[in-house]
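First comes the structure, then the notes that go with it.
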Amino acid sequence: MIEDYKKARRLGLKEFHRARSQGRYPYLPVLDEMLSGGSPLSEFPVGLVDIPLTMLAGTKTVGRREAFAADFMPLLEETTEFALKWSNLYESQVNEGIRDAIKVYEYMHRFYVMEGNKRVSVSKYVGAHGVMGDVTRLLPNEKETDETDYKLYMEFLDFYKVCPLYEIDFSEVGAYKKLALLMKQDFIHPWPQEMKERLRGGFQFFQKVYDKKAADKIAINASDAFLIYLNIYHLDEMRSLSTAALSRRINKLWNEMLIQSTADNRAIVHSPEEMQEKNPQSTQGLWGGFFGNAPASTYTKENPLRVAFCYERPADTSSWIYGHELGRNYIENAFDGRVETIVYDQCDTDEALRKAVDTAAIDENELIFTVSPAQMQETLRCAIHFPKLHFLNCSVNLSHTKVRTYYGRMYEAKAILGALAASLCENHKIGYVADYPIFGSVAEINAFAIGAAMIDPNIKIYLEWTSVEGSNWRLSMKENGVSIISGQDFIKPNTASREYGLFKMMDDGSVQNLAVPMWNWGKFYELIIQSYLDGRWDETPTSQAVNYWWGMSAGVIELILSDKLSYYSKKLVLNLQNAMVQDALGPFAGEIHTQDGDVLAMDMTKLGSEEILTMDWLNDNVIGHIPKLEELTESAKNVVLVSGIKNDDL
């Protein structure tokens, strides 16, 4: 059996020299050295665990460090006693299998061998998947651990309590919670044994196929890729899948996985004019360069472009959908018959949306708009199923190449409304009623608060969320003596309520409207559809997800002022609006103070788009908090899970 030791040693030497040439440490990492100088860590006995060999990261003590390369392959000469023991162990493995458990310490979801390094080495050499280990967990010190790493590990421990699988190794905070929701489970009750076995088996099957395809081609591990897969395909389907069929599915999702592996994975388009900047040599006008260089398609009244709109419910029951319906009606008349639209409402479940898209495909619709972030996952599934159709979802900052997103920089209008509200407020108290804690919404709250504080430094913004279970914002505002309130952006169809936009609650209980921020969805849809008419949608794979995030300068967001406002109030708004359109004013330019006492942009720079979109903090003059998932209504949870800004705390 010494010949096998020689082969294993050659592998070890190869890894040793490769590591040195790449500037990596060539031996096994030593946990004791990694933790030296830190505070003593608490130990927790886990017990016997089937440990995936890929998760064995090093050795606990320094004793055998130089006997192995970084991949556990042996390095010592074949004439040593070590080589003889390794060979005997290999013979035992071949004839009987290794029965004795190794002893390991687990730290931050990785294992370090205390006893049994040679058993690990032999197991890796023969291509085993795992090895039985007696595990002792070392709990990290929060103050001495990277904040994100610590949060991720704590989330893993919550997952492990209900579903003890070490194989699932996500790299982003919030991923374990997303997995639990996909499995219709939680972190409180133990998951059914049958489900744990299916999840383990499904992941191991996926990992085997994925690793063979991915190799060094993509910087996303099998666990993260598996979560992307489960967002599209059901776990139960893997039972009947062949290796070839699973490989084909992974191929379909390759661009989605690729985009998750890159740091710069989103292309945020801030204005229609940026399209021309993408390709200034384009001869197709404003839009051709971004959407491809093929000749513009010919659409006529006899052969119109068909566009489908998928709503969660009828437009007369939702102020949000009603706004989109006004936009759809606008484009019906904007293209002189060259564009024909159709509405599919009641798309409030995955099944209903899938059926609507199936029908839209049969009816030869080419563009399909879904207007809620809650529809994104099924929209993505449909986009993968219908690769020749073009899908857009009304949301922002979501990273999918198959579905483009569109949304407005409403925070610009909110900053101006905050300034107006402060100029009219007499008691330094303004209310703000928000819907969902999703991408963009926190920026709107902060912009409003900053705009108000620029007029009145003593102003306080009282924040309430309609999506919180049991919320009663009217009572809260009354108890806090708040009369000027920023409410929902749309009036609800078929209702007499005037509690929308910026309004004032009068002493007699009546409502005086002051100003309304308007989503001009008609203009938004006109610009997007015109781009499609002018050129060809880019069908080649892209390395970035496209997000249209346009503002007041594009005409997609407007402000309507009440006739009851004074001349000076109107002048204030119009001057601020002109400055905003010319990019001479911005709530997030310059020093910013948060609730937690942090000071941002002390060098007077302007926050970038990603920083604005992903805000998970509130300005220091806001009274309130960003709700966690368990505080929300069931319908709100579906929206927040797709596009929520605080998935790590949900």
In segment 332-420, the trypsin sites (Lys or Arg not before Pro) that fall in loop regions by DSSP, at most 11 other Cβ within 10 Å: K388
Net charge around V396, counting only other residues with Cβ within less than 10 Å of its Cβ (Lys, Arg = +1; Asp, Glu = -1)? +2
For a test of understanding, tell me how many lysine pairs in segment 1-140 have Cα atoms under 14 Å apart, given they are 8 or more places apart or on different chains. 7
Once R0 is set to 45 Å, what does the formula 1/(1 + (r/R0)^6) return for the Cβ-Cβ distance between D32 and T633, expressed as a FRET efficiency to the nearest 0.05? 0.35
Can you compute the charge dipole magnitude of the chain about its Cα centre, using +1 on each Lys and Arg Cβ and -1 on each Asp and Glu Cβ, nothing else charged? Give it in debye, rounded to the nearest 20. 1420
Using alpha carbons only: equivalent-ellipsoid semi-axes of segment 553-650, gyration tensor based, whole Å: 30, 20, 15
One point scatterer per Cα, no solvent, Debye formula: log10 I(q)/I(0) for the chain at q = 0.05, 0.10, 0.12 Å⁻¹ comes out as -0.30, -1.02, -1.29
Per the rule of 0.36 nm per residue minus the C-alpha distance, extending Q193 to Q346 adds in nm 51.4 nm
Sum of -39500 (n - 2.57) over DSSP H runs of 4+, divided by residues of the chain (222 nm, nearest 500): -12000 deg cm²/dmol
Name the residues whose placed amide hydrogens come within less than 5 Å of the amide hydrogen of A545, ignoring near sequence neighbours (fewer than 5 apart) on the same chain. R266, A267
So, R0 is 51 Å and r is the distance between the beta-carbons of E302 and A584; what FRET efficiency does that work out to, to 0.05? 0.60
Using a simple spin-label model with points 7 Å from Cα along the Cα→Cβ vector, what separation in nm is obtained for R18 and M454? 5.6
Solvent-free Debye scattering, log10 I(q)/I(0), computed from the Cα coordinates of segment 377-464 at q = 0.19 Å⁻¹: -0.79
Return, for the Cα atoms of segment 27-87, the radius of gyration and Dmax in Å, separated by a comma. 14.3, 42
For a quick check of your reading of the filter: which trypsin sites (Lys or Arg not before Pro) in segment 56-127 sit in a DSSP loop and have no more than 14 other Cβ atoms within 10 Å? R99
Can you work out ³J(HN,Hα) from phi for every residue in segment 111-124, in order, using Karplus 6.51 cos²θ - 1.76 cosθ + 1.60 and θ = phi - 60°, giving whole Hz and x for Gly and Pro? 10, 10, 7, 8, 9, x, 4, 5, 5, 5, 4, 5, 4, 5
log10 I(q)/I(0) for segment 375-417, Debye formula on C-alpha points only (no solvent), q = 0.15, 0.21, 0.25, 0.28 Å⁻¹, two decimals, reads -0.43, -0.65, -0.80, -0.93
Check: segment 1-140 dipole with +1 on Lys, Arg Cβ and -1 on Asp, Glu Cβ, in debye: 440
L84 and T145 label points (each 7 Å along its Cα→Cβ direction) are spaced in nm at 4.4
Nearest 5 is fine: what % of DSSP beta bridges in the chain come out antiparallel, could you say? 45
Calculate the radius of gyration of the Cα atoms of segment 1-140 to one decimal place, then report Dmax, the largest Cα-Cα distance, as a whole number, both in Å. 15.0, 45
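Every number in this text was worked out from the coordinates using simple rules, so none of it is lab data. What you see is a predicted model, and the numbers here were worked out from it, not measured in a lab. Cβ atoms come from the backbone with ideal geometry, glycine included; neighbour counts cover every protein chain shown.
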